[in-house]
Amino acid sequence: MTKGRDRAESARLGEMLAALGPALEQFGRFEGQDPAAHRRTEWRAALDRPLPRRGEGLDAVTALLRDTLIPNGLRNGAPGFSGWVTTSPTTASVAATLAATVAGSQRWWVQPFNFLETVALRWLRELLGLPDELQGTFSSGGSTANIIALGAARQHAFERKGIDVARDGIPPATRWRVYASTEVHHVVTRAAAILGLGRSSVRAVKTDDALRIDMAALVRALDEDARAGIHPIAIVATAGTVNTGAIDPIAELLALARERGIWLHVDGAYGAFGVLDGRVAPLFAGMEQADSIAVDPHKWLAATVGTGAVFVRDRARLGRAFTLEPAAYLEGAASEGEPVSPFDDFGDPYHDFNLEQSAPSRGAAVWAVLLEIGADGMRERITRHLDYARHVAVRVRADARLELLTEPVLSICCFRYRASGRDDAAMNALNARIAKQLRAETPFVPSTTMVHGRFAIRPCFVNPRTTLAEVDGMVDAVRRIGDTLA
Ligand SMILES: *Cc1c(COP(=O)(O)O)cnc(C)c1O
């Protein structure tokens with residue numbers, strides 16, 4: 001019989017947090033120039049070691065976290081960062097995630113963190129103005145949320161032909177289609193691949209000048225496929241494209257989807273929370289009647305990363321698509337009747353609506369941010385960020401050296417530096433150099449994209465720490481660097 005206790009420390013958490021707390025706070029002030037890039041050799045050398053044979057103990061772990069990892073951490077939460085659609089979580093969400101990791105480290109069973117998934121989904125639904133029939137589940141992000149939603153759509157489409165696709169697979173010699181605009185996020189295409197439909201099953205429909213799906217082109221595509229015997233699975237409306245923040249005409253897509261009996265999925269991973277701002281809320285009309293909606297609290301809500309959510313009309317369908325087969329070691333181990341222990345009952349069975357069995361209790365991260373600032377605080381944030389994008393547009397329009405490439409709809413504003421006597425190719429190269437120099441020399445980190453073949457500087461405001469000073473600072477810096485390079 002082996003004697004002795006495990007070498008891994010299971011206590012001393014408070015002590016470790018006390019040691020890391022000051023380093024984390026210091027990191028969160030984002031002072032000075034970002035050291036991570038020019039210290040790359042140093043931190044890689046400190047971390048890239050062989051597997052330890054004996055282990056170095058908890059203090060060695062703490063020291064490396066405090067001295068090497070945290071100070072060189074990723075500064076996507078710095079106030080001047082406005083790139084891609086990402087930021088780092090606010091304090092309440094970090095604390096709740098830590099608490100859930102320790103005290104709710106598995107989302108099953110009758111326990112408060114499992115229950116928080118239910119509460120936080122209800123709060124999200126209310127925040128977004130969705131009806132109770134849209135039942136949800138948390139997911140690891142927008143990628144999985146879209147897989148789950150399209151999995152439900154696939155189940156629905158096949159069931160209407162008398163096929164249980166989750167059980168029997170896709171019948172050979174049948175062709176299926178998902179419709180989306182050319183601006184759709186690539187995770188939707190990947191979802192089609194994973195669901196066995198194939199990437200080529202996503203028909204990319206052209207967009208109008210404002211980069212929204214072209215309705216006439218969509219109707220033509222549907223008609224053409226119907227004549228060719230290709231079955232529709234879903235129409236995907238993007239509510240806030242990642243490139244420019246364009247919102248597909250959801251109400252028109254809903255009407256078309258209803259008329260043809262096709263599932264309407266809304267990918268609102270980035271933009272759905274825009275509905276909180278009354279100026280653009282009408283653009284979301286119809287979202288509440290969609291068959292499924294993907295949202296990403298780890299973007300605009302600044303919940304800890306790894307927190308997506310999906311809502312689907314009729315969760316039983318989600319169950320048929322994703323249920324775990326009963327297993328003796330799971331259900332069989334839960335007792336009948338009144339639970340006397342938390343382990344007598346699995347609580348809300350999110351593992352049956354999802355891709356994951358074991359999973360963190362993600363609801364805690366969303367519950368915490370909403371408990372802290374409420375719907376009003378979130379509306380203020382969204383409104384402020386939409387204001388920032390409009391402020392950039394106003395400044396760009398007032399400056400002959402800058403050119404607006406898209407009118408902001410949500411919190412993205414695409415623009416470029418304009419130099420006289422240069423064609424688009426030269427201007428693209430110039431703006432790419434400006435973007436690179438911004439990252440190298442300033443605290444301002446917007447990302448970039450292409451708009452109608454033109455290279456755009458693309459700030460996307462989802463960062464709670466950004467203030468108007470950084471918005472102006474970024475525009476000033478583009479102007480200054482552009483003048484120097486041009
Ligand atoms: C971010 C995003 C995704 C992907 O979400 P992840 O959380 O990064 O997996 C999908 N669609 C849209 C519109 C997005 O903005």
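The values are calculated or read from the model by the stated rules, or taken from the named source; none is laboratory data. These figures come from a predicted structure and were not determined experimentally. Note: ideal-geometry Cβ built from the backbone for every residue, glycine included; neighbour counts use all protein chains shown. In case anyone asks, the SASA skips ligands and DNA or RNA and just uses the protein heavy atoms, side chains included. Shrake-Rupley method; radii C 1.70, N 1.55, O 1.52, S 1.80 Å.
Accessible-area rank, largest first, for PHE27, PHE81: PHE27, PHE81, with all protein chains present and a 1.4 angstrom probe.
Kindly identify region 1-94 as rounded, prolate or oblate by the Cα gyration tensor criterion: order the square roots of the eigenvalues as a ≥ b ≥ c, call it rounded if a/c is under 1.5, otherwise compare a/b with b/c, prolate if a/b is larger, else oblate. Judged from the Cα gyration tensor, region 1-94 comes out prolate (a/c at least 1.5, a/b above b/c). Working ranking of peptides 307-320, 286-299, 365-378 by packing, defined as the average number of other Cβ atoms within 10 Å per residue, highest first, is 286-299, 307-320, 365-378. Once you sort the root eigenvalues of the Cα gyration tensor of region 372-486 as a ≥ b ≥ c, which label holds: rounded (a/c under 1.5), prolate (a/b larger than b/c) or oblate (the other case)? Note, shape of region 372-486 comes out prolate. Residues with beta-carbon under 15 Å from that of ASP6, excluding ASP6: net charge, scoring Lys, Arg +1 and Asp, Glu -1? Local charge sum for ASP6: +4. Using 1/(1 + (r/R0)^6) with R0 = 30 angstrom and r between the beta carbons of LYS436 and ARG54, what's the FRET efficiency to the nearest 0.05? My answer for the efficiency is 0.10. For the chain, the antiparallel share of DSSP beta bridges with both residues in that region comes to about 55%. Approximating the spin labels as points 7 Å out from Cα along Cα→Cβ, the ARG160-to-ASP472 distance works out to 5.5 nm.
Modelled this way, with points 7 Å down the Cα-to-C-beta line, the labels at ALA216 and ALA11 are 7.6 nm from one another.
A cut-off of 5 Å between modelled amide H atoms, ignoring neighbours fewer than 5 places along the same chain, links VAL445 with PHE81, SER82. The ALA226 and TYR329 beta-carbon pair, evaluated with R₀ = 56 Å, returns a calculated FRET efficiency of approximately 0.75. Would you mind getting me the FRET efficiency between GLU25 and THR174? Use the beta-carbon distance for r and R0 = 51 Å, nearest 0.05. Efficiency at R0 = 51 Å is approximately 0.30. A crude spin-label estimate for the pair SER200 and ARG167, with each label 7 Å from Cα along the Cβ direction, gives 3.1 nm.
Going by a ≥ b ≥ c, the root eigenvalues of the Cα gyration tensor, does region 108-223 fall in the rounded group (a/c under 1.5), the prolate group (a/b larger than b/c) or the oblate group? The shape class here is oblate. According to the calculation over all Cα-Cα pairs in the chain, the P(r) per 10 Å bin from zero is 4, 17, 25, 25, 18, 8, 2, 0, 0 %. Each of the peptides 110-119, 126-135 was scored by the mean count of other Cβ atoms within 10 Å over its residues; in descending order, highest first, they stand as 110-119, 126-135. Averaged per residue, the chain has 46 square angstrom of accessible surface, using a 1.4 angstrom probe with ligands and nucleic acids left out. Taken over the alpha carbons of region 157-252 as equal point scatterers, the Debye sum produces base-10 log I(q)/I(0) values at 0.13 Å⁻¹ of -0.47.
Rolling a 1.4 Å probe over the protein heavy atoms of region 86-175, with every protein chain left in place, gives an accessible area that is 58 percent carbon and sulfur.
With viscosity 0.890 mPa s and temperature 25 °C, the Kirkwood radius over alpha carbon pairs of region 123-171 converts through Stokes-Einstein to a diffusion coefficient of 196 µm²/s. Using a Debye calculation, one point per C-alpha and no hydration shell, please list log10 I(q)/I(0) for region 277-422 at q = 0.11 Å⁻¹ in order. Values returned for q = 0.11 Å⁻¹ are -0.67. The heavy atoms of SER341 offer some 40 square angstrom of accessible surface to a 1.4 angstrom probe.
Peptides 434-446, 82-94 ordered by packing proxy, namely the average of other Cβ atoms within 10 Å per residue, highest first: 82-94, 434-446.
In units of the rule-of-thumb radius 2.2 N^0.38 Å, region 258-309 shows an alpha carbon radius of gyration of 1.26.
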